[in-house]
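Quick notes on the structure that follows.
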There are 2 protein chains.
Amino acid sequence: MADKKLVEQITPMGEDFAQWYTDVVKKAELTDYSSVKGFMVIRPAGYAIWENIMHELDQRFKASGVENVAMPMLIPESLLQKEKDHVEGFAPEVAWVTEGGQKKLEERLCVRPTSETLFCDYFSKVVKSYRDLPQILNQWVSVVRWEKTTRPFLRTREFLWQEGHTVHATAEQAEERTKLMLEIYADISENVLAIPVVKGQKTEKEKFAGAVATYTIEALMHDGQALQCATSHNFGADFAKAFNVQFLDKDNQLKPVYETSWGMTTRMIGALIMVHGDDSGLKLPPRIAPTQICIVPIQQKKEGVLEKAYELRDQLRKSGFRVKVDDGDKSPGFKFADCEVRGIPLRIEVGPKDIEAGHAVLVRRDTREKIQVSFDELAEETGKLLEQIQQDMYDRAKTFLEEHTSSATNMDELVDIVNTKRGFVKAMWCGCRECEDKLKEMSGITSRCIPFEQESISDTCVVCGKPATKMVYWGRAY
Amino acid sequence: MADKKLVEQITPMGEDFAQWYTDVVKKAELTDYSSVKGFMVIRPAGYAIWENIMHELDQRFKASGVENVAMPMLIPESLLQKEKDHVEGFAPEVAWVTEGGQKKLEERLCVRPTSETLFCDYFSKVVKSYRDLPQILNQWVSVVRWEKTTRPFLRTREFLWQEGHTVHATAEQAEERTKLMLEIYADISENVLAIPVVKGQKTEKEKFAGAVATYTIEALMHDGQALQCATSHNFGADFAKAFNVQFLDKDNQLKPVYETSWGMTTRMIGALIMVHGDDSGLKLPPRIAPTQICIVPIQQKKEGVLEKAYELRDQLRKSGFRVKVDDGDKSPGFKFADCEVRGIPLRIEVGPKDIEAGHAVLVRRDTREKIQVSFDELAEETGKLLEQIQQDMYDRAKTFLEEHTSSATNMDELVDIVNTKRGFVKAMWCGCRECEDKLKEMSGITSRCIPFEQESISDTCVVCGKPATKMVYWGRAY
């Protein structure tokens, strides 16, 4: 039995979802509050998840031709102001450096909230000819946005992310890159993090400051609220014109470049918690879990028990699994609960009786199912089981998403769904900003995306009744 | 023949070393100036070297028990001020954030110049009992120090680094960790970067602000100036006391923890340039080179040439080498010079005649030696050759270090060496600050370190003639 002492400190999800989230973050030791208001410390258990996400993303980025760079963390005010829509979007929420080396600076520098302006400035220097294109760059950094209310991973004044920035010779190539990066994000979400997503385009209202088009992947959390997992922006030639990024084409004409940017953040750790977690804590999909297997020795003081635990660990490590032995001086019950809180996908129990019988007991974190496996077959069975857990976690999340996606053809229906069932609501839209604003006002929901996979639910806009142009996913969002 | 057009743009080292350095950085496309004064853009070719350094360090860190985390990038002024020596050391060179979200902040926040204060603050919250020790943490971030004059990699207002911070139950464990990390830095420098170093301790004057002891590895550049490659600090219990980091020991007594910190920075890329480079550009040791082999097709428009180049590339990649084909529309001469500027350790030339004869021509970057190798033996010979280049580059740098390390027993001798031969000067020292200051004043040199490997050169201090206590490496430094 798992020890209740650890578990009881987590508020049940059904009682208070926000508190459950905070408890899980704390008990799984993912973050800690810092002495810097609105900023978080990402602890080893949290950072190890981010390292795995980085690794998965970076591999795919590089395979698609991305090169990493490092831009300055500070941006002069004059540079930020070069693109009008962009500065309007970000200026209200930046932090300003005004003093350096004991002197007041002549020009304020903001801590980067995002780096389009720096990349454009750089491109304007290095791009001269068609030979210099495309430039497909990315950086792994943190950014600062002066949020008023904060929550670990979901909304903090500083967060970690990657920001990719590219320039291309044609609009088509920029569009292709924007979509390609969204596919990579969807691949990571679904096939590594076991988080099913809806792919689509943001409305004019919800798109990125300065972009021509923003694509997004949207996931659904346990409480029925949506979470934007990653975005990919096509800027067309607007930024390039503002920053004078031009190239001499093969036909000897000076032309502007076409630009994109795309990012995924530590927010995904919040998504992992809220898509997979339960009242006992975190539940990590095996492909992303820093520790996939925790071996808990039973009666570990008895001769041969710890030795066997280490032997199994070494054997499983050789097979490529991420394994640890919990050989601390706590009770097995405490250790079981600890494995659960931390979301380790598989626990292996091994005691004197097991050793005598030549088997171990495997316990799945996701279903708590117990499976006896003989030592001979341990590596093979563990591999199969981890794959099964990964698949089952995705399937459960997919079922949840489907069960919490409804259709509405009129406002009454829509408001009722939002207030009772929550989740995504699919509804038709005329395409105008006023209807979007009205929906937000009446029900607190926003357009999550215009999905790539369109359906015709009805002929008229759910708000104004005029002819519909698009089907939209609506929902409350983080 | 290498194309002179590219090469001629590099100022010869003997003519103007500082300009040679700047030219190499620019021509090898390692960095670019940014629109943010004193800050650099690290371009793909530069960042790829840093990625390899990070990978080598991180692997060794993790094998020694280090866990990665992320601390806030901003530090409240009150937190920075908690440790007196530390704040005195850093306050003059920090950048201050004074406004956030369009409001003046109640308390100034500095952009981290280093993060001892944040780590101590964190340790004070999570360390309660001996069970919580040791904490062996590290972060990969950038830091800001408001330097007046800057040079790419060597001195910039922002640089990338790792900063490790640990706390331990005993002074012995802290000392052991401090020394262990220095060994890891020396290992990377010598065995990966092919940069021989002198290991030792900093004097009181040169040690880190707030440390009890600072250990260092020091290397010698082509111009005879020293470069501090990495440092490891033992803080004793001073920081812990200032931040009230205490733990309940097994004997039920509350005790302070013992702290260490250690770091290596993007400065190492500057060291790579200045230890190995020549008048044709960069020279990268094979173990750190992002591209180890560049295949240059000769008469690439002739049938079968490009195909053969790609075939060799794929074959060499399968053997684990980092290879590219330069199939651009420039001449082979231009490509040869380009490979040299970028410091690619090995160039493989393959043209119609080579294909007919069943061999390729391998050209070493370090010696320009040409070796004909049959296609059958290419992978094996390439592996041997890269190992040989790595070893030879280290040996040459080691010889240079030895030839530029002199001994002096009196001031006249010492000043003469500093002004003519440059390099390191070994000389005895009484141990007092006044003599150190006087040496700096008279000859512009500083103590680089008190080497772990002590020798007795004479009985008296080279400055004051009083009895000597230590042998010290002195030199001009970056």
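Only the coordinates and a few stated rules stand behind these numbers; no lab work does. Owing to the predicted nature of the structure, the values given are computational and were not obtained by experimental measurement. Cβ coordinates were reconstructed from backbone atoms using ideal geometry, including for glycine residues, and neighbour counts include every protein chain displayed.
How many Cβ atoms of partner chains, on average, are near each residue of A:130-137 if near means within 10 Å of its Cβ?
If you average over the peptide's residues, the count of other-chain Cβ atoms is 1.
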* To do: Note the full-extension length gain between B:D395 and B:K128 as 0.36 nm times their separation in residues minus their Cα-Cα distance, in nm to one decimal.
  => 91.2 nm
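If you add up the charges near A:D326, with Lys and Arg at +1 and Asp and Glu at -1, over every other residue whose beta carbon is less than 11 angstrom from its beta carbon, what do you get?
Working: positive: A:R313, A:K324, A:K330, A:K335, A:R342, A:R347; negative: A:D327, A:D329, A:D338, A:E349.
Once all neighbours under 11 Å are counted, the net charge is +2.
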* Structure fact -> Expressed as a whole number, the average count of other chain Cβ atoms within 10 Å around the Cβ atoms of B:29-41 is 6
* Structure fact -> Taking Cα atoms only, helix A:378-403 is inclined relative to the longest principal axis of chain A by an angle, in degrees rounded to 10, of 50
* **Inter-copy separations for A:E15, label at 7 Å along Cα-Cβ, nm, ascending** => 7.8
* Structure fact -> Among A:I348, A:G333, A:A309, the residue whose Cα sits farthest towards the positive end of the charge dipole of the stretch A:293-386 (+1 at Cβ of Lys and Arg, -1 at Cβ of Asp and Glu, taken about the Cα centre) is A:G333
* Starting at 0 and stepping by 20 Å, how many percent of the alpha carbon pairs of the protein assembly as shown end up in each bin? -> 12, 40, 37, 10, 1
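Contour minus end-to-end for A:R151 and A:Q253, with contour as 0.36 nm per residue of separation and end-to-end as the Cα-Cα distance? The partial results should precede the final answer.
Numbers: separation 102, 0.36 × 102 = 36.72 nm, distance 5.05 nm.
Contour length minus the Cα-Cα distance gives 31.7 nm.
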* Structure fact -> Ordered by number, the chymotrypsin sites (Phe, Trp or Tyr not before Pro) in the stretch B:393-456 that occupy a DSSP loop and have at most 15 other Cβ atoms within 10 Å are B:F452
* Report the relative contact order of the stretch A:293-381, percent, no decimals, based on alpha-carbon pairs under 8 angstrom and at least 6 residues apart. => 31
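Using only the Cα atoms, work out Rg/Rh for the stretch A:4-276, with Rh taken as the Kirkwood radius, to two decimals.
Rg divided by Rh gives 1.00.
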* **log10 of Debye I(q)/I(0), alpha-carbon scatterers only, for the stretch B:293-387 at 0.10 Å⁻¹** => -0.21
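When the gyration tensor of the stretch B:405-475 is built from Cα positions, what are the square roots of 5 times its three eigenvalues, in whole Å, from largest to smallest? If you can, show how the numbers build up before the last one.
Details: eigenvalues 50, 36, 24 Å².
Those come to 16, 13, 11 Å.
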* Asked: B:K128 label points, 7 Å along Cα→Cβ, one per copy: pairwise distances from this copy to the rest in nm, shortest first?
  -> 6.4
* Asked: Based on the inverse mean of 1/r over its pairs of different Cα atoms, what is the Kirkwood hydrodynamic radius of chain B, in Å?
  -> 24.6
* Asked: trypsin sites (Lys or Arg not before Pro) within the stretch B:191-262: which are DSSP loop residues with at most 15 other Cβ atoms inside 10 Å?
  -> B:K205, B:K250
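Net charge near A:G270: determine it from the other residues with C-beta under 13 Å of the C-beta of A:G270, scoring Lys and Arg +1 and Asp and Glu -1.
Working: positive: A:R151, A:R155, A:R267; negative: A:D223.
Local charge sum for A:G270: +2.
How many Lys pairs in the stretch A:368-458 lie less than 18 angstrom apart by Cα atoms, where the lysines are 8 or more positions apart or on different chains?
Details: A:K370/A:K384; A:K398/A:K421; A:K398/A:K426; A:K421/A:K440; A:K426/A:K438; A:K426/A:K440.
Close lysine pairs found across the stretch A:368-458: 6.
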* Label distances, nm, B:S319 versus same residue in remaining copies, Cβ-directed 7 Å point -> 3.5
* Structure fact -> So for R0 = 22 Å, FRET eff. of B:E311-A:E183 from the Cβ-Cβ r, to 0.05, ends up at 0.10
* **Sequence-distant aspartates and glutamates (8 or more away, or on other chains) whose Cα lies within less than 12 Å of B:K335** => B:D3, B:D326, B:D327, B:E349
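Pairs of Cα atoms under 8 Å, at least six residues apart: use those to get the relative contact order of chain B, whole percent.
Working: 962 pairs, mean separation 70.3, N = 478.
Value for chain B: 15 percent.
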* What GluC sites (Glu not before Pro) in the stretch B:271-351 are in a loop by DSSP, with at most 10 other Cβ atoms within 10 Å of the Cβ? -> B:E303
* **Order of A:M13, B:M73 - criterion: other Cβ atoms within 10 Å of each residue's Cβ, fewest first** => A:M13, B:M73
* **With Cα atoms, 0 to 90° folded angle of helix B:44-63 axis to chain B main axis** => 50
* In degrees between 0 and 90, to the nearest 10, how far off the longest principal axis of chain A does helix A:433-443 point, with axes built from Cα atoms? -> 40
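Please give the net charge around A:A209, taking every other residue with its beta carbon less than 10 angstrom from that of A:A209, where Lys and Arg add +1 and Asp and Glu add -1. The partial results should precede the final answer.
Details: positive: A:K84, A:K207; negative: A:E83, A:D85, A:E88, A:E116.
For residues surrounding A:A209, the net value is -2.
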* For the residue pair B:S331 and B:Q372, what label-to-label distance in nm results when each label sits 7 Å from Cα along the Cα-to-beta-carbon direction? -> 2.5
* Asked: Is the shape of the stretch B:84-188 rounded, prolate or oblate, going by the alpha carbon gyration tensor and its root eigenvalues a ≥ b ≥ c, with a/c under 1.5 for rounded and a/b larger than b/c for prolate?
  -> oblate
